[in-house]
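This report refers to the structure that appears directly beneath it.
Derivation of every value follows stated rules applied to the coordinates shown; laboratory data play no part. This structure is a prediction, so every number in the text was calculated from the model and none was measured. Quick reminder, even Gly has a Cβ in these numbers, built from the backbone with ideal geometry, and neighbours come from all protein chains shown.
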Amino acid sequence: MSTPAPAVPAPGADTEGVQAAATAVARTTRLPGWFVILWRNRKCRIGLLMLAGFILVAVFAPLIAPYDPRDDAFPTSLGPTGSHWLGTTAQGEDVLSQLVVGARTSLIVGLAAGVLSTLIALVIGLTAGFVGGWVDEVLSFLINLGLVVPALPLMVTLAAYAPVRGLWLIIIVISVTGWAYGARIKRSQIITLRTRDYVTAARFAGDGTARIIAREIVPNMTSLIVVGFMGAALGAIGGEAGLAFLGLGDPLTVSWGTMLNQASLGGAMLTGQWAWLIAPGLALSLLITSFTLINFGIDALSNPHLRED
Amino acid sequence: MVYFLRRFVFFLGTLWAAVTLNFLIPRLQPGDPAEAIVSRLAGQSESVDPAQVQAIRVMLGTPDGNLFDQYVQYLGAVLHGDFGISYTYFPYSVTHMIGQALPWTVILVGVTQIISFIVGTLLGTWAAYRRNSRVDSVITLGSTFLGTLPFFWLALLLVYVFAITLHWFPERGGYGGGSSPGWSWLFISDAFQHSVLPAVALLITGPIGWIIGMRNNMVQSLGEDHTRLAVARGLSRRRVAITYGARIAILPNVTGFAIALGGILGGTVLVETVFNYPGMGRLLLESVSSRDYPLMQAIFLFTTVGVLVANFLADLLYGFLDPRVRKVESA
């Protein structure tokens, strides 16, 4: 997983001015401050619009798709034509309909596995960082183990043993193999946070551990958690595509990975059906690009030096 | 010394955990592996008698007894390097099959990753040296963009364009039908031709992590006090960048190299599948689709142990290169 390069702070950037302007805009338009900061970043705005586009397509997939993605009543292995813009598969299904419905799968997997692995990372990272001592030693060992075990071979092995291959299995396998990176970052963040004055103050005021974590620590890690979620969702979308491409996905779900698998097995290259081959991969890279662009804005959220006018 | 001892203990711990994980995963599934091969045989021939079932059990070394006994038996077998017989490539042993596939992956991954590391570090250094210039933004934005392309898809496109449409390179396999593995010129040149496209697929995305890591580290180290002192001493800009910026910035990339190996091996599974390349990744996938559990388990274990050893070596190297880690850990 690669994090986008944080830009070098522009010398003498008027960060306070930007922030003041952001709060002023937020006050007049009643938008939350974080959204205004994200929106003012040009790269991030493009990313947000792209993601919104994907979400709309995914939500209204049945309305947008010209045919049922599983309907194989059409002529097989067609190139792009007027009634099938991206052609048909070797089984005679409409490629465009599969592409549209595939957006749904990728977003569901990204959202579900992203939330799940962020939760695992949060619980393990928070406990390790906050409790310390031998608990930290054991959990840190687990985190480091999770970081070095090669994820895709582990996913493949886990998926191979599973008695049923549903979408949920894929989501769980991806979450179980993808939490370690986020957990490590959250642990080191919390170690710097737990000795801050306001945490000590809360402890002297008689607050319990759970309350301190929920009220004092988590609110100060929001952007870290969001970045972690974005990274995990991105990894999950890629992981699902990879597993599905290897033929280990859910055979009943249409996804961009299964489409590429079918295109490769169905001889899309030999019949010259470039649209069937290019469309799913391009959709996948555009979705990943939108996440990467949004991450630029989230970096700006957590680091005021990076904010753009 | 404490640093090296700690790293060694961590290495042993992860090694044990990986071996145990490998033991536990197959036991998460319902049913037993011997049953699976019996039902597969039953599908091919007319009937399977109980004596045959017993023979298969003995042959596969499927252990009886409780979980703890099985675990002890398994640890003993692993220590002796005995991973049993492959179901699909009977009568070859699992170790034999891995021995056949391993050199392909080691050479492909080894060569492409060393090139990626060198190219990525150089480009990252260049971008940081000319930071905020056109060169910098072309390199950083270019690699960010390339990094968003799913690389098994890139591999598919490479096959489509260069193998099937243009016929420049063979489309699949590790060597052609005319040659057999050995030290002959025919085989080596043939294997080289077959490895060009898989290598290119790995090289397109390979350097990205190093470019971004190196650039960011170096921009940071160029802003530190010792660099400012070097500038104040009147050293040339190039010398400051290389001996004061790059030399420090390259350190985290050394450990990064080992950590990235796990992800690279995952990518290799995909690339080997696309090109039908006779390495560990394709063997893993073949063993999965034919439900050859002993082979699959051993490949997973080999891959994981390989990554762990690489990490341990990188940790040791890092300890020698950067005296600060030794101090911090022993304090």
Legend entry - Cα radius of gyration and Dmax for the protein assembly as shown (Å): 26.4, 87
Legend entry - For segment B:78-95 and segment A:63-86, distance of Cα centres in Å: 47 Å
Legend entry - Residues with amide H under 5 Å from that of B:Ile85, placed H, sequence gap 5 or more: B:Val94
Legend entry - Reciprocal of mean inverse Cα separation for chain A (Kirkwood radius, Å): 21.6 Å
Inset, instruction - From other protein chains only, count the Cβ atoms within 10 Å of every residue's Cβ in B:261-270, then give the mean. - result: 5
Legend entry - Backbone HN-Hα couplings from phi across segment A:200-208 [Karplus 6.51/-1.76/1.60, Hz, Gly and Pro as x]: 4, 4, 5, 5, 5, 6, x, 6, x
Legend entry - Tail weight of P(r) past 20 Å, computed on alpha-carbon pairs of segment B:151-266, percent: 61 percent
Legend entry - Alpha carbon centroid spacing (whole Å) that separates segment B:98-168 from segment A:111-189: 28 Å
Inset, instruction - Work out, step by step, the length gained on full extension between A:Leu142 and A:Ala205: first 0.36 nm times the residue separation, then minus their alpha carbon distance; give nm to one decimal. - result: 19.3 nm
Legend entry - B:Val119/B:Ser289 FRET efficiency (R0 45 Å; Cβ-Cβ; nearest 0.05): 0.80
Inset, instruction - Between A:Leu49 and B:Ser137, take the C-beta separation as r, use R0 = 25 Å, and let me know the FRET efficiency to the nearest 0.05. - result: 0.70
Inset, instruction - For a quick protection proxy, order the peptides A:281-287, B:75-81, B:315-321 by their average other-Cβ count within 10 Å, most packed first. - result: A:281-287, B:315-321, B:75-81
Legend entry - Neighbour net charge for A:Leu252 - beta-carbon separation under 13 angstrom, K R +1, D E -1: +1
Legend entry - Whole-number percent relative contact order across chain A, with pairs defined as alpha carbons under 8 Å at least 6 apart: 30 percent
Inset, instruction - Give, as ranges by residue number, the residues of segment B:107-146 whose backbone N falls under 12 Å from the point 7 Å along Cα→Cβ of B:Gln220. - result: none
Inset, instruction - Report the chymotrypsin sites (Phe, Trp or Tyr not before Pro) located in segment A:36-92 that are in a DSSP loop and have at most 15 other Cβ atoms inside 10 Å of their Cβ, or state none. - result: A:Phe60, A:Trp85
Legend entry - Choice from A:Leu158, A:Leu277, A:Leu111 with maximal GNM fluctuation in chain A (Cα, 10 Å cutoff): A:Leu158
Legend entry - Simple spin-label estimate for A:Leu119 and B:Leu79 in nanometres, 7 Å along Cα-Cβ: 4.2 nm
Inset, instruction - Within 10 Å of each Cβ in peptide B:149-159, how many partner chain Cβ atoms are there on average? Round it to a whole number, please. - result: 6
Inset, instruction - Measure out, as a whole number of angstrom, how far apart the alpha-carbon centroids of segment B:248-288 and segment B:206-239 sit. - result: 30 Å
Inset, instruction - Return one number: the angle in degrees, 0 to 90 and rounded to the nearest 10, between the long axis of the Cα atoms of helix A:15-29 and the longest principal axis of the Cα atoms of chain A. - result: 70 degrees
Inset, instruction - Can you bin segment A:103-157 into rounded, prolate or oblate? Criterion: square roots of the alpha carbon gyration tensor eigenvalues sorted a ≥ b ≥ c, rounded for a/c under 1.5, prolate for a/b above b/c, oblate for the rest. - result: oblate
Legend entry - Extension reserve of the B:Arg326-B:Trp16 stretch, reckoned as 0.36 nm per residue once the Cα distance is removed: 109.1 nm
Legend entry - Karplus-derived 3J(HN,Hα), 6.51/-1.76/1.60, for each residue of segment A:130-143, Hz, glycine and proline x: 7, 6, x, x, 5, 4, 4, 4, 5, 5, 4, 4, 4, 4
Inset, instruction - With the convex hull built on the Cα atoms of segment B:94-330, state its orientation-averaged projected area in nm². - result: 16.6 nm²
Legend entry - Calculated log₁₀ intensity ratio I(q)/I(0) where the Debye formula runs over C-alpha points of segment A:197-309, q = 0.11, 0.18 Å⁻¹: -0.59, -0.92
Legend entry - Pairwise label distance in nanometres, B:Leu24 with A:Trp34, each label 7 Å out on the Cα-Cβ vector: 3.4 nm
Legend entry - Simple label model, 7 Å out from Cα along Cβ direction - A:Val218 to B:Phe192, nm: 6.0 nm
Legend entry - Relative pair counts by distance (%), Cα atoms of segment A:41-135, 10 Å bins: 15, 27, 24, 17, 10, 6, 1
Inset, instruction - Can you tell me the FRET efficiency between B:Ile107 and A:Tyr198 if r is taken as the Cβ-Cβ distance and R0 is 56 Å, rounded to the nearest 0.05? - result: 0.50
